[in-house]
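The structure under discussion appears below in the form of structure tokens.
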Amino acid sequence: MEFREILKSELYALSPAPEDALWAEFVGILRGGGVIEKRGREIALSFRHRDLALIKKCATLTKKFYPETPYTITEQKKRGINPGSIYVLDLEIGERTLKELGFRDTLCLCGLLEKNGSYFVKGIFEARGYILEPTRGYHLEISLTSEEIAQLLLRHLERKGIPVRIRYFREEFRLYTKNAQHMGTLLGYIGASQSYLLLEKIRVEKLTLDELTGWVNCATSNLE
């Protein structure tokens, strides 16, 4: 199994946690990947993702925190570049819920970051995170459409000793790092301990191989 699949399985599993921690993760998922849509007089929050496991997890958390909120899960087929299935979770919500989820005011998100920052960042990463297969190279990024959320997340990670950079690309604000140690620290922070250990194993093996290759090249040059 590839590293990314191991990481997804670890993150998407709904592990036992305090209710306020699960709420922070739920808000992170929806605030990171949710889009507000007006449908006549109704307001819907739409969350799209390629992984059905994350959609089901989000639906489970919806039933936990908003048991009276109607929701639907649909599948859409995408053609062209990166074809495949995209799963859509639609929630029928109101203004009060949007405020609770931080869509109208990010002040409530500051409180979540102070108390359950690791779970909120986990939710954001589940919804909008990407990591390159470590055997090919080191690259981790989180893509967000909101500059305010991106800056909020950037400052929080820096306070936790996880420096990342930010760039604007294709109408998104992308937080990224190409440092393997910082990647591992972030994975450990959001609770992906198994993936963190695997990343460290890959990093040590690559360092050892690079040192061995350098020694062999040096010895070969000396012999010549």
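Tabulated values for the structure
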{"item": "Rounded to the nearest 20 debye, dipole of the chain from Cβ charges on Lys, Arg, Asp, Glu", "result": "460"}
{"item": "Computed helical MRE - 222 nm, the chain, DSSP H runs ≥ 4 contributing -39500 (n - 2.57), nearest 500", "result": "-17500 deg cm²/dmol"}
{"item": "Accessible surface, per residue, of region 89-136 when the full set of protein chains is kept, probe 1.4 Å, Å²", "result": "46"}
{"item": "Heavy atoms of Y168: accessible area, 1.4 Å probe, square angstrom to 10", "result": "140"}
{"item": "Span-rule helices in the chain, defined as complete DSSP H runs reaching 24 Å or more along the axis (Cα) with Kyte mean at least -0.5", "result": "193-223"}
{"item": "Formal net charge of residues neighbouring G191 (Cβ-Cβ distance under 12 Å; K, R +1; D, E -1)", "result": "-2"}
{"item": "Percent carbon-and-sulfur accessible area, region 15-114, ignoring ligands, DNA and RNA, probe 1.4 Å", "result": "51"}
{"item": "Per residue accessible area of region 1-53, 1.4 Å probe, in Å²", "result": "52"}
{"item": "Three-way shape call for region 17-134 based on the alpha-carbon gyration tensor, with the a/c threshold at 1.5", "result": "oblate"}
{"item": "Cα gyration tensor, region 58-97 - rounded (a/c under 1.5), prolate or oblate", "result": "prolate"}
{"item": "Within-13-Å neighbourhood charge of L7 [Cβ basis; K, R +1; D, E -1]", "result": "-3"}
{"item": "P(r), alpha carbons of the chain - 10 Å bins starting at zero, rounded %", "result": "7, 30, 34, 17, 6, 3, 2, 0, 0"}
{"item": "Net charge, Y71 excluded, C-beta distance under 9 Å - Lys, Arg +1, Asp, Glu -1", "result": "-1"}
{"item": "Accessible surface, 1.4 Å probe, highest first, among residues E158, E133", "result": "E158, E133"}
{"item": "Solvent-accessible surface (1.4 angstrom probe) belonging to K160, in square angstrom, nearest 10", "result": "110"}
{"item": "Cross-link partners of K56 among lysines (Cα-Cα below 22 Å; sequence separation of 8 or more within a chain)", "result": "K8, K64, K77, K78, K122"}
{"item": "Most positive-pole-ward Cα, G191, L52, T135, against dipole of the chain from beta carbon charges", "result": "L52"}
{"item": "Size of electric dipole in region 158-203: Cβ of Lys, Arg +1 and of Asp, Glu -1, about Cα centre, debye, nearest 20", "result": "120"}
{"item": "Solvent-accessible area, 1.4 Å probe, carbon plus sulfur percent, for region 132-193", "result": "44"}
{"item": "Along principal axes, Cα extents of region 92-140, largest first, whole Å", "result": "45, 27, 13"}
{"item": "Those aspartates and glutamates that a straight Cα-Cα span of less than 18 Å connects to K115, excepting residues fewer than 8 apart in one chain", "result": "E19, D20, E25, E100, D105, E158"}
{"item": "Heavy atoms of V204 accessible to a 1.4 Å probe, total area in Å² rounded to 10", "result": "80"}
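The values are calculated or read from the model by the stated rules, or taken from the named source; none is laboratory data. Keep in mind that what you see is a predicted model, and the values were worked out from it rather than measured. FYI the Cβ positions are ideal-geometry reconstructions off the backbone, even for glycines, and counts take in every protein chain you see. Ligands, DNA and RNA are stripped out before the accessible areas are found, and what is left, the full protein with its side chains, is counted by its heavy atoms. Shrake-Rupley method; radii C 1.70, N 1.55, O 1.52, S 1.80 Å.
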